[in-house]
Ligand SMILES: [Zn+2]
């Protein structure tokens, strides 16, 4: 069975190592492997254009990328601050069409309730990866489907 967030591979570890200074103090990007390139590109661009910025949240939720910036680290200059917001918004928009599993740009919003899961499990997936819901929903023999969606 797949973990909700597959956060232990080499790509993920290298992103966390490279950007440790601007990641949340007690959290790491909570996204699935398909969004690693997206999150890494965002972190690289923020590091280059807004080096003082610290993130308070980078997280997949309901099929889109949630990003919060630590308020004290935002650019003081309103024009630069606006540029930062635009930069992040571009990546949030990209998340809406990037498959959370494989990273293809053919992702679409998938309603988890159609697969026996709660709406909190809504995800952005390409057609090839929609069957991932089967992995999330199927558990040990005899357990009801909906229980495993919280695993
Ligand atoms: Zn996919």
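The values are calculated or read from the model by the stated rules, or taken from the named source; none is laboratory data. Keep in mind the model is a prediction, meaning the values are calculated, not measured. Neighbour counts run over all protein chains shown; Cβ positions are idealised from the backbone, glycine included.
Checked against (1) in a helix (DSSP H, G or I); (2) touching a helix residue (DSSP H, G or I) at 6+ places or on another chain (Cβ under 7 Å); (3) touching a residue at least 40 places away in the same chain (Cβ under 8 Å), residue 47 meets all criteria but (3).
Of the residues making up the stretch 50-59, those that are outside any strand (DSSP E or B) and buried (at least 16 other Cβ atoms within 10 Å of the Cβ) number 3. Among the residues of the stretch 75-84, not one is in contact with a helix residue (DSSP H, G or I) (Cβ under 6 Å, 6 or more places away or on another chain) and either within 17 Å of residue 19 (Cβ to Cβ) or at pLDDT 95 or above (or both). Checking residue 63 against (1) within 16 Å of the ligand (Cβ to nearest atom); (2) out of contact with any strand residue (DSSP E or B) (no Cβ under 7 Å at 6 or more places or on another chain); (3) assigned by TED's automatic domain parsing to the domain that holds residue 23, only one condition comes out false. Which one? Only one criterion is unmet by residue 63, namely (2). Against the criterion of being closer than 16 Å to residue 34 by Cα and either more than 9 Å from the ligand (Cβ to nearest atom) or modelled with pLDDT of 95 or more (or both), residue 96 qualifies. Look at (1) crowded, with 19+ Cβ neighbours inside 10 Å; (2) more than 16 Å from the ligand (Cβ to nearest atom) and you find that residue 74 fails only one, number (1).
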